[in-house]
């Protein structure tokens, strides 16, 4: 699934969405939300988590969980 996120201006109570040339779909779902904060802030806990995971990976790149094993682990916990 491909998603496109845009912040666009409303003019005369309407909007126009320009799709990329390579976007191929006969139908799309459109959700309209007012912009509450033009600059999205990534939460600090998420930044810390990514840094920690990156650091752990760089220390030992062979010690990673295979995606199939990870998904099986989650499935087993359900």
Fill in the blank from the handout: Of (1) more than 17 Å from the chain's Cα centre (by Cα); (2) surrounded by 10 or more Cβ atoms within 10 Å (Cβ to Cβ); (3) modelled with pLDDT of 85 or more, residue 64 fails just (3)
Practice task
Name the residue, out of 52, 39, 21, that is surrounded by 10 or more Cβ atoms within 10 Å (Cβ to Cβ) and without any contact (Cβ under 8 Å) to a residue 12 or more places away in the chain.
Solution key: 52
Exercise for the section: Kindly indicate which of 24, 58, 19 is part of a helix (DSSP H, G or I) and either more than 17 Å from the chain's Cα centre (by Cα) or modelled with pLDDT under 90 (or both). Expected result: 58
Exercise for the section: Consider residue 50 carefully, then state whether it is within 30 Å of residue 16 (Cα to Cα) and within 18 Å of the chain's Cα centre (by Cα). Expected result: no
Practice task
Determine, yes or no, whether residue 4 is at pLDDT below 90 and either surrounded by 10 or more Cβ atoms within 10 Å (Cβ to Cβ) or in contact with a helix residue (DSSP H, G or I) (Cβ under 7 Å, 6 or more places away or on another chain) (or both).
Solution key: yes
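The values are calculated or read from the model by the stated rules, or taken from the named source; none is laboratory data. All values reported here derive from a predicted model rather than from experimental measurement. A quick note on method: Cβ atoms are made from the backbone with ideal geometry, for glycine too, and the neighbour counts reach across all protein chains shown.
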